[in-house]
Amino acid sequence: MRDSKHQPELSPLPTRAPQAHRAFPRAFTLLELLVTIGIIVALLGVLLVGLNRASAFSKVAKTQTLMHSLMSALSQFREDTGYYPPVLGVGTASGAVSSVAGTRGFARDLLAPPAIANANAPTAAEVASVNAWWSITSLPDYFLGYDTRQFDGYGFDIEQPVNGSPGAREIPPAGIRHSGRDGVWGGALNPKILAANAIGYYKQRNPGNGASGNPNTWDGQGVRGAVLGPYLELKDSDIIGGISGADAQGEPIVLRAEETPNFDALPKCFIDYWGRPIRFYRRGYNALDPASTSTDFHLSDVVALRPQSITPGTESDGYADTTGDTSSTRALVAAEFALLSTGPDRAWNALVRVDNAGTNADNIVETGP
């Protein structure tokens, strides 16, 4: 019999702790996934709207800055010459060189101010002519000057050899010679081609004050007078466009330098930050004297210049638009000139002051002085 005293003590087997339950990640349900995607899309939409709005505000600010620079240049030009630049546009004379789209003279003929027989009772045709009297080529033509004297009135120096030619490209290639009291380098008061029905046409400019002759050649006389300008420092080449013609609605077709190899040959315009030309309006003047002031019409008579809302106490009247609306402002009555950008929507209505679609609501208008 075994002695129990000497039996080894039996130790209980260690008990194993219960194994913890492993937590596996739970997958998104289809509904949760769709909700998450929807939230991301909504946030991206809000971000995109904010970015577009910021971009639009930036373009508006840049366009206004450009227009303010143009206004300063206008004031300086008037101080130097005694008048604001005349209005240049597309001539209507049959066969006029400058009426051919794509040529250097296109859209650069003198457009004489509209004649209003009775300012208190203008005809529909007279109202239309006032609203069509604007330019997109005047300002770059007079503020920058480019090419030879045949095109911008700058000319070669009187002391340099002439050799019967219009002269080489000027150095520096910017600026113009004083354009004279008719504003178009003799194109109105001393035209090169003495044709009574084509006074002021681009092909008649006579900066050398020479005798009449072949419209395609230029006399060898030097251009006298002080050199003016340039009045605007071009820090951004994107504000210059070339005009290659007009579309079916009569709107100018504007090309940038990289869009055509013929850019240098196109008449130029200043363009806003949506790529559309900035229009220049000015107060009417008498006959061919841009330094005079006509009372036949005011800029309050130009439909597209009217602000969408008018502050009480600043109201005035202009010519009636096609709906009979005459509302305008005193500021436009007094203004000597105005600049117009068609704004972010690139559209404008030259017939109705305020339409239901708000076409002119985003127009950017600056007036002076």
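Taken together, the values in this text are just the output of simple stated rules run on the coordinates, not laboratory data. Note that the coordinates shown come from a computational prediction; the quantities given were computed from them, not determined experimentally. Don't worry about glycine lacking a Cβ; one is built from the backbone with ideal geometry, like all the others, and counts go over all protein chains shown.
Evaluating 6.51 cos²θ - 1.76 cosθ + 1.60 at θ = phi - 60° for every residue in the range 270-279, the Karplus couplings come out as 7, 10, 7, 8, 10, x, 10, x, 8, 8 Hz, glycine and proline recorded as x.
In this simple spin-label approximation, Asp247 and Trp274 carry label points 7 Å from Cα along the Cα→Cβ vector, and these lie 1.2 nm apart. Taking amide H as placed 1.01 Å from N in the peptide plane, Leu88 has its amide H under 5 Å from the amide H of Leu111, Thr137, Ser138, each at least 5 places away in sequence or on another chain. For Lys235 and Thr92, the difference between the fully extended length at 0.36 nm per residue and the C-alpha to C-alpha distance is 47.9 nm.
Calculate, for Phe57 and Ser316, the FRET efficiency according to 1/(1 + (r/R0)^6) with r their C-beta to C-beta distance and R0 35 Å; round to the nearest 0.05.
0.70
What order do you get for His68, His178, His298 when you list them from fewest to most C-beta neighbours inside 10 Å? All intermediate terms of the calculation are to be shown ahead of the outcome.
On the way: His68 13, His178 16, His298 22.
Ascending Cβ contact count within 10 Å gives the list His68, His178, His298.
Going by C-beta contacts inside 10 Å, put Ser55, Ser75 in order with the fewest on the left. Numbers along the way, then the final one.
Working: Ser55 12, Ser75 16.
Neighbour counts put them in this order, fewest first: Ser55, Ser75.
If the chain linking Asn118 and Glu336 were pulled fully straight, counting 0.36 nm for each residue of separation and taking away their Cα-Cα distance, it would gain 76.4 nm.
Each of Lys203, Lys235, Lys268 has some number of other Cβ atoms within 10 Å of its Cβ, and from fewest to most they run Lys235, Lys268, Lys203. Model label sites at Arg346 and Thr326, defined 7 Å from Cα along the beta-carbon direction, differ in position by 3.8 nm.
Relative intensity of the range 232-353 on a log10 scale, I(q)/I(0) at q = 0.12, 0.21, 0.22 Å⁻¹, equals -0.58, -1.19, -1.23, per a Debye sum over C-alpha point scatterers of equal strength in the absence of solvent.
Among residues other than Glu251 whose Cβ falls under 13 Å from its Cβ, what is the net charge (Lys/Arg +1, Asp/Glu -1)? Before the final figure, lay out each step's value.
Working: positive: Arg276, Arg279, Arg346; negative: Asp247.
Around Glu251, the surrounding residues sum to +2.
Of all lysines in the structure, those lying under 24 Å Cα to Cα from Lys192, and not within fewer than 8 positions of it along the same chain, are Lys203, Lys268.
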